[in-house]
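Take a look at the structure set out below.
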């Protein structure tokens, strides 16, 4: 069996390194997506409940979200959230991700923690 040259071994190791780096990036992207989904589900659950304590969160979303969303398709996704109902709450039809699946869990962060983290840039 012929022994591989140093250049061939380095090339093989570089290919392995690139493959591992791509896998790491994919894992990090998946974790980031999962965090966004869970945080979004928590926020939608809070505003769907329509409790008095959650009204500041809804008010913050209504003032911040229009400036954050740039694409018309994205804005259309949140039309129902940005429009109030007679009692000031959003109907449960506004969060199709929660319909039929129940609550995704309560997590440990309260709305004050979420807003403080967003303002701090974390």
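Values computed for the structure shown
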{"quantity": "Computed FRET value (nearest 0.05) for residue 7 with residue 68, which takes r as the C-beta separation and R₀ as 41 Å", "calculated": "0.20"}
{"quantity": "Residue 25/residue 78 FRET efficiency (R0 22 Å; Cβ-Cβ; nearest 0.05)", "calculated": "0.15"}
{"quantity": "Contact order normalised by residue count of the stretch 7-92, Cα under 8 Å, 6+ apart, percent", "calculated": "27 percent"}
{"quantity": "Förster radius 30 Å - calculated FRET efficiency between residue 35 and residue 15, Cβ distance, rounded to 0.05", "calculated": "0.45"}
{"quantity": "P(r) of the stretch 1-64 over all Cα-Cα pairs, binned every 5 Å from zero, in whole percent", "calculated": "3, 14, 12, 11, 9, 7, 8, 6, 6, 6, 5, 4, 3, 3, 1, 0"}
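Every number here is computed from the coordinates shown, using simple stated rules; none is lab data. Just so you know, these numbers come straight off a predicted model, no measurement behind them. Virtual Cβ from ideal backbone geometry, glycine too; neighbours counted across all protein chains shown.
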